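Shown next, in structure tokens, is the structure this report addresses.
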């Protein structure tokens, strides 16, 4: 079966070459038979890549240690749960998984469009999707093949790194890849538009759902990564501005900017060049992320280690950027035609533009900080690392500006908004924000940055709540509906608008959580004897003794800590030291969370008389990050769900205009 | 055994992929009609007006802003509506606009495939 896996990958590569050839012949000769053959070839690529992926998972399940990859990342005693995740546990498998996802997305894209008679864009889209798939097929066939056999078959595998034996391993990589891969689809459509010189908003509309879902998965992937890093000691907590973490957020910045700026193109026909540049950048940055993560060129706790694969990504990145730049330059003049100008600097489109500028500034600052060690080494010969203080100092004010815009944007209208309207709309959110300041002071939040983060969060939440209130009120007043019916009518008929607002609300929850965690963390070390009690920030902690356990892949020693607060007994936390049979020992934290704060215990060590060293950490408001993430997911799904737009209202406007045309009263 | 299985899979795949090359040459893509583009512009213009109406109903615009913005939007949409009417009149004698629903587009595609728009 192993042979079948490698042969499937090889045949997929040959098929993908045929697809590319067939597309070029079909487009050059205007012969639909070759295009149809390319579509079918692409189906074949996804089928054979699926076979290869299933066979690799099967090798993990059946403990087939003839494979170097399985022997390196699995062992007989490993729970099935983690054997299934073996597909993306290491370099080779994760690259196969990435390539397989692209082939599946290509399959879906073709299925959705191949029968449309005006789908001339599809062959061009397929060229770019196929090139990306081919790139991954080159890697898994010729650079790091996942079906490579070992020289000596071991009796048992080396086992999965203990740090990877975490639920985060199940969710973080797949969601992140779903985000990266999904963004390849709008990129391919953008390139099709560029090559065909068809610069309307058709490609944006065609890929709207792809873009939003991919952005959602990218967000989820980043948050799952933070959730996982929070639970693993030495990973720098939820977010540590590590180069690999940064490489995942770089495409997120540009994708977020793209999400907003395409709305301007749809509504006003503006920013055509900018949108193309943004999606090209997003695609390029996801490839750049793979280069950073897989080359080991910049040291990171999350990297795959040193490998030549990263440089293959770098080469691919250079080629892709070369192609994109060529098409952008040769089409630039045409792109600039019919590009309306912004009428006023106080308008919705202007606020979107400012949002784009800030997001790109964040992207650039993060990019610069990430590659600075390379730049400094090239220039001075010394590798200077850039740590969290740089990123926090530079990015925090930019995030604050972004928050302010999130509040301001819903208050503005398209085209132009008068200063008086803007001031009128700003009064309530500003007043409530000012009122929140003394309350924040009383709550103990007195440092400059956290005060601003919390106050701006209040500002945004009030502005968003006001939007929901005004929309509902308008329905009650103008359509005679009751308040609940008016609210339901509004959010159902304007899914995109209110879904977007929910995403913003979710983001604010995340900001509140991160501000609490980042600026108000409490940490203290204790030495405790069995039966000893301590009081920390309103918690009474009683250490009752050590307990040991023996699991399939490790033995552990845990410190049993009873937790009480003012309301009484809350539960028992058991932070552990784990001793794996085939890996280095690890420290597992114990967490008790509630909406106000997380109690986070680290078991640092013990002595013969069972006394222990315990670190107690209180992380305020961190749960808000996880709640906010689910609000973001719900808002995105709500915005993407198929909807019946305000057709009735638009029809009424059409009738009114037609009547005026007939009377000749319109200019 | 594996080799035979793989060989069968490869043959089936190649037959599936190469089969269309034995059909009659055809070009199954139609150009976007002018009317489609005009109707799309009309829809966008009308939606912009309805968005503006919604914002006014919500009390986010002063009456003065609303009236002036609505007038400018109407001035932009009016020529599009005129153009649509003109093209529709001109095209009355021509074949119908590109179908948008899946069933009809399947039919059109099938007709093109069978009759062939030869180059």
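The values are calculated or read from the model by the stated rules, or taken from the named source; none is laboratory data. The structure displayed is predicted, hence computed values, not measured ones. Glycine also receives a Cβ, built like all others from the backbone with ideal geometry; neighbour counts cover every protein chain displayed.
Can you name the condition, by its number, that residue A:63 falls short on among (1) surrounded by 24 or more Cβ atoms within 10 Å (Cβ to Cβ); (2) away from chain B (no Cβ under 14 Å); (3) out of contact with any strand residue (DSSP E or B) (no Cβ under 9 Å at 6 or more places or on another chain)? That leaves (1) as the condition not met.
When the test is whether a residue is facing another protein chain (nearest Cβ under 7 Å), closer than 30 Å to residue A:474 by Cβ and without any contact (Cβ under 8 Å) to a residue 40 or more places away in the chain, residue B:45 does not pass it. Annotation note: of A:236, A:269, the sole residue that is surrounded by fewer than 20 Cβ atoms within 10 Å (Cβ to Cβ) and under 21 Å from residue A:625 (Cα atoms) is A:236. All conditions in (1) in contact with a strand residue (DSSP E or B) (Cβ under 8 Å, 6 or more places away or on another chain); (2) assigned to a helix (DSSP H, G or I); (3) surrounded by fewer than 20 Cβ atoms within 10 Å (Cβ to Cβ) hold for residue A:517, with the sole exception of (3).
The set of residues in region A:410-424 being closer than 23 Å to residue A:509 by Cα and either surrounded by fewer than 17 Cβ atoms within 10 Å (Cβ to Cβ) or free of Cβ contacts under 8 Å to residues at least 24 places away in the same chain (or both) is empty. When region A:241-269 is filtered for residues that are assigned to a loop (DSSP other than H, G, I, E, B) and either out of contact with any helix residue (DSSP H, G or I) (no Cβ under 6 Å at 6 or more places or on another chain) or within 22 Å of residue A:325 (Cβ to Cβ) (or both), the ones remaining, listed by number, are A:242, A:269.
If you take the residues in region B:55-70 that are more than 7 Å from every other protein chain (Cβ to nearest Cβ) and touching a helix residue (DSSP H, G or I) at 6+ places or on another chain (Cβ under 7 Å), which one is nearest to residue A:473 (Cα to Cα)? Explain how you work it out, then say what you get.
First pass over region B:55-70, keeping only residues more than 7 Å from every other protein chain (Cβ to nearest Cβ): B:56, B:63-64, B:66-68, B:70.
Checking which are touching a helix residue (DSSP H, G or I) at 6+ places or on another chain (Cβ under 7 Å) leaves us with B:56, B:66, B:70.
Values: B:56: 12, B:66: 19, B:70: 22 Å.
Result: B:56.
For residue B:119, the criteria (1) at the interface with chain A (Cβ under 10 Å from one of its Cβ atoms); (2) at pLDDT below 85; (3) surrounded by 16 or more Cβ atoms within 10 Å (Cβ to Cβ) hold in every case but one, which is (3).
Out of everything in region A:12-22 that is surrounded by fewer than 23 Cβ atoms within 10 Å (Cβ to Cβ) and in contact with a helix residue (DSSP H, G or I) (Cβ under 8 Å, 6 or more places away or on another chain), what residue ends up being nearest to the other protein chains (Cβ to nearest Cβ)? Break it down into steps so the answer makes sense when it comes.
Going through region A:12-22, the residues surrounded by fewer than 23 Cβ atoms within 10 Å (Cβ to Cβ) turn out to be A:13-14, A:17-18, A:20-21.
Now narrow it down to the ones that are in contact with a helix residue (DSSP H, G or I) (Cβ under 8 Å, 6 or more places away or on another chain): A:13, A:17-18, A:20.
On the way: A:13: 13, A:17: 12, A:18: 7, A:20: 13 Å.
Among those residues, the one meeting the criterion is A:18.
The criterion of at least 1 residues that are under 27 Å from the mean Cα position of the chain (by Cα) is met by the following helices (runs of 4 or more DSSP H) wholly inside region A:1-109: A:32-61, A:68-73, A:80-84. Does residue A:546 satisfy being touching a residue at least 60 places away in the same chain (Cβ under 8 Å), under 38 Å from the mean Cα position of the chain (by Cα) and either outside any helix (DSSP H, G or I) or crowded, with 22+ Cβ neighbours inside 10 Å (or both)? Spelling it out, it is not the case that residue A:546 is touching a residue at least 60 places away in the same chain (Cβ under 8 Å), under 38 Å from the mean Cα position of the chain (by Cα) and either outside any helix (DSSP H, G or I) or crowded, with 22+ Cβ neighbours inside 10 Å (or both). One residue stands out in region A:427-466 among those that are within 14 Å of another protein chain (Cβ to nearest Cβ) and surrounded by fewer than 19 Cβ atoms within 10 Å (Cβ to Cβ): the one that is nearest to residue A:518 (Cα to Cα), namely A:465.
Does residue A:509 qualify as being farther than 20 Å from residue A:588 by Cβ and either buried (at least 18 other Cβ atoms within 10 Å of the Cβ) or within 37 Å of the chain's Cα centre (by Cα) (or both)? Spelling it out, residue A:509 is indeed farther than 20 Å from residue A:588 by Cβ and either buried (at least 18 other Cβ atoms within 10 Å of the Cβ) or within 37 Å of the chain's Cα centre (by Cα) (or both). Selection of region B:15-42 for residues being buried (at least 16 other Cβ atoms within 10 Å of the Cβ) and either in contact with a helix residue (DSSP H, G or I) (Cβ under 7 Å, 6 or more places away or on another chain) or at pLDDT 95 or above (or both) yields B:17, B:20, B:26, B:27, B:28, B:35, B:38, B:39, B:41, B:42. If you go through region A:367-374 one residue at a time, do you hit one that is touching a helix residue (DSSP H, G or I) at 6+ places or on another chain (Cβ under 8 Å) and either within 14 Å of chain B (Cβ to nearest Cβ) or closer than 30 Å to residue B:60 by Cβ (or both)? Scanning region A:367-374, I find no residue that is touching a helix residue (DSSP H, G or I) at 6+ places or on another chain (Cβ under 8 Å) and either within 14 Å of chain B (Cβ to nearest Cβ) or closer than 30 Å to residue B:60 by Cβ (or both), so the answer is no. Checking the structure you have, find out if any residue of region A:111-134 is assigned to a helix (DSSP H, G or I), away from chain B (no Cβ under 13 Å) and more than 18 Å from residue A:190 (Cβ to Cβ). Yes: region A:111-134 contains one or more residues that are assigned to a helix (DSSP H, G or I), away from chain B (no Cβ under 13 Å) and more than 18 Å from residue A:190 (Cβ to Cβ).
Looking for something part of a helix (DSSP H, G or I) and surrounded by fewer than 23 Cβ atoms within 10 Å (Cβ to Cβ) - is there at least one such residue anywhere in region A:143-153? Steps first, please.
Of all residues in region A:143-153, those part of a helix (DSSP H, G or I) come to A:143.
Going one step further and asking which of them are surrounded by fewer than 23 Cβ atoms within 10 Å (Cβ to Cβ), we end up with A:143.
Yes, region A:143-153 contains at least one residue that is part of a helix (DSSP H, G or I) and surrounded by fewer than 23 Cβ atoms within 10 Å (Cβ to Cβ).
The set of residues in region A:158-185 being under 25 Å from residue A:212 (Cα atoms) and not in a helix (DSSP H, G or I) consists of A:183 alone. Of all the numbered requirements in (1) crowded, with 21+ Cβ neighbours inside 10 Å; (2) free of Cβ contacts under 8 Å to residues at least 40 places away in the same chain; (3) closer than 30 Å to residue A:302 by Cα; (4) within 14 Å of chain B (Cβ to nearest Cβ), residue A:44 misses one, and that requirement is (3). Limited to region B:20-38, what total is found for residues that are more than 7 Å from every other protein chain (Cβ to nearest Cβ) and in a helix (DSSP H, G or I)? So the count comes out to 6.
Selection over region A:319-368 of residues that are under 30 Å from residue A:397 (Cα atoms) and in a helix (DSSP H, G or I) gives a count of 21.
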